[in-house]
1. Any idea how many residues of region A:132-145 are touching a Gly at 6+ places or on another chain (Cβ under 7 Å) and away from every other protein chain (no Cβ under 14 Å)?
2. Got a number for residues in region B:290-320 being in contact with a strand residue (DSSP E or B) (Cβ under 7 Å, 6 or more places away or on another chain) and either free of Cβ contacts under 8 Å to residues at least 60 places away in the same chain or open to solvent by 40 Å² or more (accessible area, probe 1.4 Å) (or both)?
3. Within region B:253-269, can you find the residues that are open to solvent by less than 20 Å² (accessible area, probe 1.4 Å), facing another protein chain (nearest Cβ under 9 Å), touching a residue at least 12 places away in the same chain (Cβ under 8 Å) and not aromatic (Phe, Trp, Tyr)?
4. Give me a count of the residues in region B:335-377 that are more than 26 Å from the chain's Cα centre (by Cα), under 26 Å from B:Ser308 (Cα atoms) and not in a helix (DSSP H, G or I).
5. Out of everything in region A:74-102 that is under 29 Å from the mean Cα position of the chain (by Cα) and farther than 14 Å from A:Ile15 by Cα, what residue ends up being most open to solvent (accessible area, probe 1.4 Å)?
6. For a quick check of your reading of the model, give me the residue pairs whose first member lies in region B:376-399 and is under 21 Å from B:Asn350 (Cβ atoms) and small (Gly, Ala, Ser), whose second is assigned to a helix (DSSP H, G or I) and open to solvent by 60 Å² or more (accessible area, probe 1.4 Å), with beta-carbon atoms closer than 8 Å and at least 6 apart or on different chains.
7. Given the structure, is A:Leu475 among the hydrophobic types (A, V, I, L, M, F, W, C) and more than 14 Å from every other protein chain (Cβ to nearest Cβ)?
8. Taking B:Asp389 as the residue in question, decide whether it is open to solvent by 40 Å² or more (accessible area, probe 1.4 Å) and either under 30 Å from B:Ile235 (Cβ atoms) or in a strand (DSSP E or B) (or both).
Number of protein chains: 2
Amino acid sequence: MTDTLEQTSTARSDIESWLGRLDAACRAGDAQGAAALFTEDSFWRDLIAFTWNLKTCEGRDEIAAMLSATLSSTQPTGWKVTDGEEPTSAEGVTEAWIEFETAVGRGRGQLRLKADDTGEQKAWTLLTTLYELTGFEEPQRSARPKGAEHGANKSRESWTEKREREARELGYETQPYVLIVGGGQGGIALGARLRQLGVPTIVVDKRARPGDQWRSRYKSLCLHDPVWYDHLPYIKFPDNWPVFAPKDKIADWLESYAKIMELNYWTNTEAKSASWDEARAEWTVTVERDGQPVVLKPKQLVLATGMSGKPNLPDFPGMDVFTGDQHHSSAHPGPDAYAGKKCVVVGSNNSAFDICGALWENGADVTMVQRSSTHIVRSDSLMEIGLGDLYSEEAVAAGMTTEKADLTFASLPYRIMHLFQIPAYEAMAERDKDFYDRLEKSGFEHDWGDDGSGLFMKYLRRGSGYYIDVGAADLVANGDVKLVKGQVDHLTEKSVVLEDGTELEADLVVYATGYGSMNGWVADLISPEAADKVGKVWGLGSDTTKDPGPWEGEQRNMWKPTQVEALWMHGGNLHQSRHYSLYLALQLKARAEGIPTPVYGLQEVHHTS
Amino acid sequence: MTDTLEQTSTARSDIESWLGRLDAACRAGDAQGAAALFTEDSFWRDLIAFTWNLKTCEGRDEIAAMLSATLSSTQPTGWKVTDGEEPTSAEGVTEAWIEFETAVGRGRGQLRLKADDTGEQKAWTLLTTLYELTGFEEPQRSARPKGAEHGANKSRESWTEKREREARELGYETQPYVLIVGGGQGGIALGARLRQLGVPTIVVDKRARPGDQWRSRYKSLCLHDPVWYDHLPYIKFPDNWPVFAPKDKIADWLESYAKIMELNYWTNTEAKSASWDEARAEWTVTVERDGQPVVLKPKQLVLATGMSGKPNLPDFPGMDVFTGDQHHSSAHPGPDAYAGKKCVVVGSNNSAFDICGALWENGADVTMVQRSSTHIVRSDSLMEIGLGDLYSEEAVAAGMTTEKADLTFASLPYRIMHLFQIPAYEAMAERDKDFYDRLEKSGFEHDWGDDGSGLFMKYLRRGSGYYIDVGAADLVANGDVKLVKGQVDHLTEKSVVLEDGTELEADLVVYATGYGSMNGWVADLISPEAADKVGKVWGLGSDTTKDPGPWEGEQRNMWKPTQVEALWMHGGNLHQSRHYSLYLALQLKARAEGIPTPVYGLQEVHHTS
């Protein structure tokens, strides 16, 4: 007990002393002095507080350069340990939740200290995030709207009348400041935040109802991430929500959420073209709403069309003569029409497994064509070993709120993230050894990522190459779903022929061949030139398979300024849509209010797709 | 600091010592001994834990009698102070949150001790509530459903298929255990709890959409209770929710909630008749769903048709010759058609003021006919002085969760509740003195309740006789809305004539003349005999205006067994719908599972309407 108290007290004084030194250096405008407070191998990750960018500075030189450029505009002050969060020490690292203010807003972050060679406590990792703009706080809690307008007022406009007027006028008589193309979880979460920040916004989606992005998929689909990881901003899933929500249930939630959060959500609306008007500094976007063209003039354009980008439909010889059904996995209608049919699924990642499993359950004869190695983890193992500390019922019970979990996750620099991931996947390999043995015996080509860092790094680096096993892997392992390996050479009228001459009879061919980079949407909507100017979206520049270098330090182009003015990319899983929508919303709000947003370290473009 | 620590420690030991003595007496089956642990002026309020009833025992004799009858079946054990809730002492009263178990479930409650003449700490008030049936816990948190069914399964039924099958079969091929008539906040909250408890339930409502109970009312209506008081079970309103939600916003919430909580909610469905089949111990209820008759056979029937009961439409001579519009306030369409028209509103309570205000805002010439004295409090004052300690942003910040607030509220015995209310209303009279002076100067007849206990007691006793002022009172005070006092004698073709001969020209007459007792619905649905057997609903038997004695100790017939088998009354404001739906749901669940539910102290019927 006494030991713990002493440790706590030392931890606090170490943190406070360090914050005091940082504060002094910042006030003195001494970027070099501030950088000297960091270890050689340090990281400062900033989410818009200093850089108006998502930016990780690696080592003292990058930190000094960043501070030189940003200190005078940021004017950070008030560094302190967050009330009620006691700093902790373990294994030589002292950790604390911190708060600070800038010239324009309020920030929070996380600091990890460790001793350098001389024994001095220096910062190893620092996360700084802006969560609120001063003077533009969200109307919450004690600042929530009153709702009723008391008193007597002959020109009273009721809530409904106001909402109806806004819905009627926005996009016609008045223009949105932000247009979000794509109304899945990403567009909805961002739309909700912008509504709270009072930024006039329209979300357009080509589908008939919010949630149809999920409803339209195969019937057995459930979320592969657990509930604790999936909350939207503002309204948490209730305590009775399933761990892995069925697709139609999450769809209903999104639809209700969009309504409750009062989004201006245009259904049956497709964005057809967009161009930037340099003189007026605004977009001209033509959308087709219920079949009628509407021209919108937003100042900011957000693509939230899915981090997966456009479907990669292969171009195999003979696709034109094949007489059966064939489609990309994203267009697969589900298994109902294929009982008793011969089905060939080209690919061996998530979609391929899910579709193979559903087809087999429906009595189809199913063959999976594995073209390259795939990483598989079992859902239960991933949940317990991969996410349990931050996103689980136990984490919640231990005081790990969703917000703290998100920041903890964000505090780990991408450069070293794989080092923390590798042991988790080693543990999974150990735990599920029998499973992997069976899988390999079936001939399935399995990998753990280029460096053994497993699923989450694959997700961040390339967004593909894995399957979270919810049951279909065993069908391959035991031969219920037939496995062949190789490349497709061509199709005939009735079959798929591989390069080694293997011929697979087929009534159905599903191309589970993945997706392109999100800037494919830019090419369609704006121009190929604009797409090239934005460059590749997603990935870290890790120089691993499908994620070419050079090193970026952050996910390419996501949630931050791009090389194309006033064009933003938003998306990712529910966790990312929730967390990063905050920073994107604040970047947009600051611009809407004319708050200076000098961007430090705007990313360069190294790849166009 | 030391003082506080010592006080806390004494408080805890006093509570634990008392609980130990109660436990010993209960284990020994010693009802007299247990009752002797209470003060002369004590109260034990039990919500279904001991009595399977909502029952307040007043004084030792009633407590001893209750325990004699219930100890052997209840078998209470494990009395303890709730973890993390330190007992407190103030002004001679020591207070604690407690927990216990019974033969069939888990309970929580609140205990207040004070010293008797000899200085011994005895119980002054004890609240015991059952919140969970052992073996039938709700699937929440770590017990939440998994959602996805992992593995491969050829007869897999997806979540949607299961929901669709249930919706298709329930009421036709399978029968609900519970039928709830009325789908407002009461029916919805109860339906949600029963769904979580796995009790097959149908909610029927005659309107087209959940929430239409609110949507159909006049356009400026907002909740008169603040957000902290209004949460539904399971999903709280978000932090940005308005203090006083506009009617259409709360309607949208209820509609989304009913969907998200997966209620079997039949819209466009009117309950036409019901009869009890003694032999089969079930109801035969004919409902008309989308115009088609459906016969349902529920074991339990809940009327959640509104605590207000059926509209009281007066029977004034001349109503048949009056040529203008006339309707009960509940059927008032809003002011839109009445700009420039002469409008007479008969009545001076909530509906009358709301309607007068909206008509005046819309440019009508409005006269209010006050027939009897009304109690008015200003909304802001009510919120701060009346509710602030339990239901406010400050209360939330101080750790007063909704659940704790509800139990604190429930812990105060009805018999003495007015004593705690009187000072609050005295403070309001003081605070708003100018307002009341102006109001009286206008001739308005104002009261504070028979004993000065104000609005909430009027609500509990008679459910009428007050107005929460959101602005319209000033219209009366300053003469914008004309005020006349007296009784209506008759109507002519074009006017309303009072007993004193005053003639009021009218294009519109609104009868804001209140509602009958809820058992009026029983008469319509089942039979007049059944209505008389149930007796008057609502009220405490306080022997004050419109709440005749004898004293009941609880609200008549609400949320507890009635004299008609398997017939239940549910409703009230959002707070009551939330809190009491728990006890009603557990009473129904216990019966569904065949758990013995011996009812102690079934209320007698003293009034038939």
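The values are calculated or read from the model by the stated rules, or taken from the named source; none is laboratory data. Owing to the predicted nature of the structure, the values given are computational and were not obtained by experimental measurement. Please note: Cβ atoms are built from the backbone with ideal geometry, for glycine as well, and neighbour counts cover all protein chains shown. Calculation scope for accessible area: heavy atoms of the full protein, side chains included, ligands and nucleic acids excluded. Shrake-Rupley method; radii C 1.70, N 1.55, O 1.52, S 1.80 Å.
1. Start the filter on region A:132-145 by keeping residues that are touching a Gly at 6+ places or on another chain (Cβ under 7 Å), which leaves A:132-134.
From the residues that got through so far, the ones that are away from every other protein chain (no Cβ under 14 Å) too are A:133-134.
Residues in region A:132-145 being touching a Gly at 6+ places or on another chain (Cβ under 7 Å) and away from every other protein chain (no Cβ under 14 Å): 2 in total.
2. Our first condition is that a residue be in contact with a strand residue (DSSP E or B) (Cβ under 7 Å, 6 or more places away or on another chain); within region B:290-320, this holds for B:293-305, B:308-314, B:316-319.
Checking which are either free of Cβ contacts under 8 Å to residues at least 60 places away in the same chain or open to solvent by 40 Å² or more (accessible area, probe 1.4 Å) (or both) leaves us with B:293, B:295, B:297, B:299, B:305, B:308, B:310-313, B:317.
Qualifying residue count for the region: 11.
3. Once the filter is applied, which keeps residues that are open to solvent by less than 20 Å² (accessible area, probe 1.4 Å), facing another protein chain (nearest Cβ under 9 Å), touching a residue at least 12 places away in the same chain (Cβ under 8 Å) and not aromatic (Phe, Trp, Tyr), region B:253-269 yields B:Ile260, B:Met261.
4. Selection size over region B:335-377: 11.
5. A:Glu101
6. What qualifies is B:Ser381/B:Arg431.
7. On the way: among the hydrophobic types (A, V, I, L, M, F, W, C): yes; more than 14 Å from every other protein chain (Cβ to nearest Cβ): no.
It is false that A:Leu475 is among the hydrophobic types (A, V, I, L, M, F, W, C) and more than 14 Å from every other protein chain (Cβ to nearest Cβ).
8. Values: open to solvent by 40 Å² or more (accessible area, probe 1.4 Å): yes; either under 30 Å from B:Ile235 (Cβ atoms) or in a strand (DSSP E or B) (or both): yes.
It is true that B:Asp389 is open to solvent by 40 Å² or more (accessible area, probe 1.4 Å) and either under 30 Å from B:Ile235 (Cβ atoms) or in a strand (DSSP E or B) (or both).
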